[in-house]
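S.K.: Following this message is one structure expressed as structure tokens.
The values are calculated or read from the model by the stated rules, or taken from the named source; none is laboratory data. Bear in mind the structure is a predicted one, so any value in this text is a computation, not a measurement. Ideal geometry is used to build each Cβ from the backbone, glycine not excepted, and the neighbour counts take in all protein chains shown. What goes into the accessible areas is simple: the full protein's heavy atoms, side chains included, and nothing from ligands, DNA or RNA. Shrake-Rupley method; radii C 1.70, N 1.55, O 1.52, S 1.80 Å.
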Amino acid sequence: MPHYTALVTLLAVALYFWTGLAVANARQKFGVVVPATTGHADFERVFRVQQNMLEWMPIFLPLLWLFAFYVCDWGAALLGLVWVVGRGFFILGYSQAAEKRHMGFFIQLGASGVLLIGALAGIIWRMTHGG
Amino acid sequence: MPHYTALVTLLAVALYFWTGLAVANARQKFGVVVPATTGHADFERVFRVQQNMLEWMPIFLPLLWLFAFYVCDWGAALLGLVWVVGRGFFILGYSQAAEKRHMGFFIQLGASGVLLIGALAGIIWRMTHGG
Amino acid sequence: MPHYTALVTLLAVALYFWTGLAVANARQKFGVVVPATTGHADFERVFRVQQNMLEWMPIFLPLLWLFAFYVCDWGAALLGLVWVVGRGFFILGYSQAAEKRHMGFFIQLGASGVLLIGALAGIIWRMTHGG
């Protein structure tokens, strides 16, 4: 098993879980009662942060694990850490203002792109070289 | 392969799929036409049930499988079953009234917490003891 | 590792990523500024396409990989390709009009159903026949 990738997976899941907690807190703070998801611009940004995390989990996790199995564990874990840090900037920025979300977003987009290209290269290499 | 965990995964996926069917039925019953997702409080609760299931799948499935690989199959499957049962209570409760969602939510939250702690302990154990 | 299934996974992730790009483009085209997700019917359909992809990733990916491990790689990859093609029709249809989403939806639903039944049969076979 790729242990470092497993650790980074737990870290990413924990960060994502935290964005869900932030939505619950923002519901109280801005008085947006379930099941509503709109009604206050500050709440809506916090909600979109969580939704964007959610939207990216089915991109990030498969790419991370395919990279780990087809390329290497520590490389996947390192790129996964970059992704988590980018997500951290994204969360902090977007929570303050919608315009401040871009830098963090492009960091995690870049990490995802490298994971994708690496995984694809690894799969094709393994298919053509056996094993 | 951890067979029991695989079975519980199918069960969780089936339950989640069912919450999607419930949304389709609620659209008809309460006259909320796609692509809208608001317009009737009873529909919105059924929709939020599915969305909350969706939000938790990228938490539950990674934790479940890391626990299965790093701790044990039957333990993961058992905690997964508790999660599914908690989700069942959550779905039934929330579909009736927003206040009735809490018990089921905390059951599945507890199961997820044990999966996380167990997986983390298992990974660290394996890293420090080799294998 | 099931190489063909890994390739189809990258394809599905890329298609899903593309539906997210389409949302970003539709925001510009129809003037729907973040964090809003409503305000123009054409935007809302493009947004629902991405959301529906998102809703199906935690169904499709687990079923695909359980089928790959418990039945066979090329079978999973083939059904996964059918799923991707069905999704392609769904995206094209829904982007034009809500009524045109049905054919593609039922293609990917059928592929998912075969993946589920095959995975379930494979797990039970392996549990009862050892291995």
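S.K.: Search region A:89-99 for residues being farther than 21 Å from A:A77 by Cβ and surrounded by 15 or more Cβ atoms within 10 Å (Cβ to Cβ), and hand back the single one that is farthest from the chain's Cα centre (by Cα).
M.R.: A:A98
S.K.: Count, please, the residues in region A:89-101 that happen to be closer than 22 Å to A:V8 by Cβ and in contact (Cβ under 8 Å) with a residue 60 or more places away in the chain.
M.R.: Here the count works out to 1.
S.K.: Of the numbered conditions (1) in contact (Cβ under 8 Å) with a residue 12 or more places away in the chain; (2) open to solvent by 50 Å² or more (accessible area, probe 1.4 Å); (3) away from chain A (no Cβ under 14 Å), B:G86 satisfies every one except a single condition; which is it?
M.R.: (2)
S.K.: Name every residue in region B:45-83 that is more than 23 Å from B:H3 (Cα to Cα), among the hydrophobic types (A, V, I, L, M, F, W, C) and open to solvent by 10 Å² or more (accessible area, probe 1.4 Å), in order of residue number.
M.R.: Across region B:45-83, the qualifying residues are B:V46, B:F47.
S.K.: Of the conditions (1) surrounded by fewer than 21 Cβ atoms within 10 Å (Cβ to Cβ); (2) at negative phi; (3) within 14 Å of chain A (Cβ to nearest Cβ), B:A14 fails just one. Which one is it?
M.R.: (3)
S.K.: A further question follows. Yes or no: region C:107-115 includes at least one residue that is at pLDDT 95 or above, open to solvent by 30 Å² or more (accessible area, probe 1.4 Å), over 11 Å from the mean Cα position of the chain (by Cα) and not acidic (D, E).
M.R.: Yes, the conditions are met somewhere in region C:107-115.
S.K.: While we're looking at this one, here's another question. Give the residue, chosen from B:G122, B:G75, that is within 18 Å of the chain's Cα centre (by Cα) and at pLDDT 95 or above.
M.R.: B:G75
S.K.: Something else: Which ones in region C:102-131 are touching a residue at least 24 places away in the same chain (Cβ under 8 Å), at the interface with another protein chain (Cβ under 10 Å from one of its Cβ atoms) and not hydrophobic (A, V, I, L, M, F, W, C)?
M.R.: Passing the criteria: C:S112, C:G122, C:R126.
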